[in-house]
Amino acid sequence: MAIKRKYPVGIQSFESIRMDGYVYIDKTPLIYKMITEGKPYFLSRPRRFGKSLLVSTLAAVFEGRRELFEAFTTEQGIEQPQLYIATTDWKWEKHPVIRFDFSANNLSSIEKMDEYIDNTLADYERQYGLTGSGSGTSPRMVNLVRTAHEQTEHKVVVLCDEYDNMMLHNLGDSQAQAVIRDRFQDVFGPLKSLDEHLQFVFITGISKFSQMGIFSKLNNLENISMQTAYEGLCGITEEELTTQLRPDIEMLAEKRGKTYEETLAELKRMYDGYHFSRRMTDIYNPFSMVYALKSGEIDKYWFDSATPGALIAMLREMPPIGISDVDGAMCESGDFNKAFDSYNAPLPVLYQSGYLTIKRYDEDIDMYTLGFPNEEVRKGFAGSLYSHVTNATGNDRERSALMKAYKMFYRNDDLSAFIEAIKTFYASVPYQWEKDNKNEHYYHALLYTLLMAFGADVHAEEPSAKGCSDLTLKMPKGIYVMEIKYNDTAEAALDQIGRKGYADKYALDGRPVTKVGIAFSSEERNITDWRSVEG
């Protein structure tokens with residue numbers, strides 16, 4: 001009989017995970033490397049990706065709590081294995097640790113953020129007999145670090161988790177963001193001048209900091225966000241999944257009545273695909289993975305829990321058809337450091353938030369290709385945009401009819417009924433969504449978004465020898481190569497598919513290939529003609 005394992009869903013305390021017998025992926029080899037090779041660091045990772053647990057683990061290391069890293073048996077009789085760092089020459093000295101955590105959702109206003117900073121500093125000041133109230137944030141921070149070092153004779157460790165949470169909740173509000181920058185400069189700006197008193201500094205967030213202005217006075221931080229050596233510092237690597245978590249995958253497979261290999265493949269499709277360096281090591285989403293192991297169901301967990309309302313509001317400021325623009329978009333290295341506050345530059349926001357990841361790196365031109373990491377994010381993102389459009393129409397009947405038609409198409413290969421349902425849906429979309437996007441791209445991108453929201457295996461702009469088809473839809477009973485024309489004919493669309501050989505690459509697939517030409521009219525604002533040809 002398999003031993004029951006405990007999974008730390010929503011638990012970010014390293015002490016609780018170890019003492020209460022929860023499963024812990026040993027990240028201490030990378031932690032040891034980091035704390036012995038450097039001093040001030042910055043790490044960017046998406047929300048719910050293990051940053052808070054990493055900060056908690058670092059706190060335990062610097063507080064000298066070796067007992068948490070050794071092998072032991074919990075009060076419940078669960079055996080916890082020895083972790084890597086306990087086998088090293090680490091001295092386990094007890095350092096003063098000053099820790100800020102801005103990940104809490106209750107920090108909903110600048111006033112609450114100010115209150116949190118003041119209370120946090122006051123708590124530490126009381127430990128060292130200081131009274132800093134009224135003397136200003138920067139002088140208080142300086143006095144606190146110096147005093148803690150002098151009293152303990154050990155250098156100070158400063159840890160800050162989710163520094164940009166308030167920035168994220170104020171996307172688009174330039175005045176609020178300017179105030180938040182000033183607050184953070186007051187707290188963390190003095191750290192650079194306190195180097196002789198500091199043992200270690202570690203700051204996490206979603207967005208890169210180099211052009212945000214917050215850390216302009218703390219420009220000695222080493223940004224390890226895209227360093228190959230630390231790409232597995234958060235999240236779960238393939239190796240960790242198939243070694244440390246293999247018993248868990250086997251139990252999940254047994255519970256679901258599938259083989260280990262089938263279950264692993266499904267987990268990979270749903271939760272894998274994050275890349276944080278040019279080496280492109282696959283990283284699984286830890287939140288969804290742990291949730292799936294605990295619940296016994298492979299489902300969509302991360303997208304709903306990690307998508308803040310401010311980001312959805314930002315996406316709604318963008319055209320609701322922009323999904324084909326971001327999946328497969330190319331960017332330069334510098335784009336990853338752009339400010340996290342622009343509705344006109346969605347790529348940095350979407351990459352840093354975890355909705356896009358690196359799919360390919362072209363060293364010759366120093367360009368990255370971005371895309372959705374996995375099916376969970378792909379479906380969640382499309383569903384969010386789809387819901388925004390359909391909810392705006394207020395016509396649930398057309399939405400339900402379209403979903404039903406797609407399911408029938410999936411099962412019975414009924415293309416005609418599906419296209420008729422698409423026409424009905426387009427007729428229900430408000431004119432204001434379309435009036436500023438009167439072109440082929442609008443209809444192409446909206447159809448792509450709809451298909452993605454349904455979970456379809458659909459690809460935009462797939463390249464062939466002579467160009468790229470608008471859409472390729474891969475179904476169980478066939479492959480559909482689609483070309484969309486605006487104020488033109490379906491025959492012209494079919495002719496382009498044939499002339500440029502868009503369908504040729506699928507000749508050996510084994511499934512029948514159907515070429516589909518679709519014509520849209522600017523006057524009708526809908527499909528006016530379509531044709532299909534097999535082969």
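The values are calculated or read from the model by the stated rules, or taken from the named source; none is laboratory data. Predicted model, so just to flag it, every value in this text is computed and none were measured. Heads up, the Cβs are rebuilt from the backbone with ideal geometry, glycines too, and the neighbour counts pull from every protein chain shown. Surface areas here come from the heavy atoms of the whole protein model, side chains and all, with no ligands, DNA or RNA. Shrake-Rupley method; radii C 1.70, N 1.55, O 1.52, S 1.80 Å.
Below, the figures for the structure above:
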item	result
Filtered residues of the stretch 507-523 (kept if more than 20 Å from residue 448 (Cα to Cα), modelled with pLDDT under 90 and of a type outside the set (A, V, I, L, M))	509, 510, 523
Looking only at the stretch 470-504, and only at residues there that are aromatic (Phe, Trp, Tyr) and part of a strand (DSSP E or B), the one that is most open to solvent (accessible area, probe 1.4 Å)	486
Which numbered condition residue 171 fails, given (1) more than 33 Å from the chain's Cα centre (by Cα); (2) surrounded by 12 or more Cβ atoms within 10 Å (Cβ to Cβ); (3) in a loop (DSSP other than H, G, I, E, B)	(1)
Output for the stretch 278-305, where each listed residue is part of a loop (DSSP other than H, G, I, E, B) and open to solvent by 20 Å² or more (accessible area, probe 1.4 Å)	278, 279, 280, 281, 282, 297, 298, 299, 300, 301
Within the stretch 264-277, tally of residues that are over 9 Å from residue 231 (Cα atoms), buried (at least 16 other Cβ atoms within 10 Å of the Cβ) and in contact with an Asp or Glu (Cβ under 9 Å, 6 or more places away or on another chain)	6
Test result for residue 101, within 34 Å of the chain's Cα centre (by Cα), modelled with pLDDT of 90 or more and over 24 Å from residue 10 (Cβ atoms)	no
Those residues of the stretch 314-369 which are outside any strand (DSSP E or B), charged (D, E, K, R) and modelled with pLDDT of 80 or more, in sequence order	363, 364, 366
Count - residues of the stretch 238-276 that are polar (S, T, N, Q), touching a residue at least 60 places away in the same chain (Cβ under 8 Å) and touching a helix residue (DSSP H, G or I) at 6+ places or on another chain (Cβ under 6 Å)	0
Residue among 33, 6 that alone is over 26 Å from residue 104 (Cα atoms) and basic (Lys, Arg)	33
First in the stretch 365-393 and within 20 Å of residue 304 (Cβ to Cβ), second anywhere and charged (D, E, K, R) and at pLDDT 80 or above, Cβ under 7 Å, 6 or more apart	372/378; 374/269; 374/272; 375/269; 376/300; 379/300; 380/300
Qualifying residue in the stretch 141-149 (condition: open to solvent by less than 50 Å² (accessible area, probe 1.4 Å), within 23 Å of residue 111 (Cβ to Cβ) and under 27 Å from the mean Cα position of the chain (by Cα))	no
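One line per residue, one yes/no per condition, for (1) closer than 25 Å to residue 355 by Cβ; (2) open to solvent by less than 50 Å² (accessible area, probe 1.4 Å); (3) at pLDDT below 90:
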| site | (1), (2), (3) |
| --- | --- |
| 166 | yes, yes, yes |
| 185 | no, yes, yes |
| 200 | no, yes, no |
| 208 | yes, yes, yes |
| 226 | yes, no, no |
| 234 | yes, yes, no |
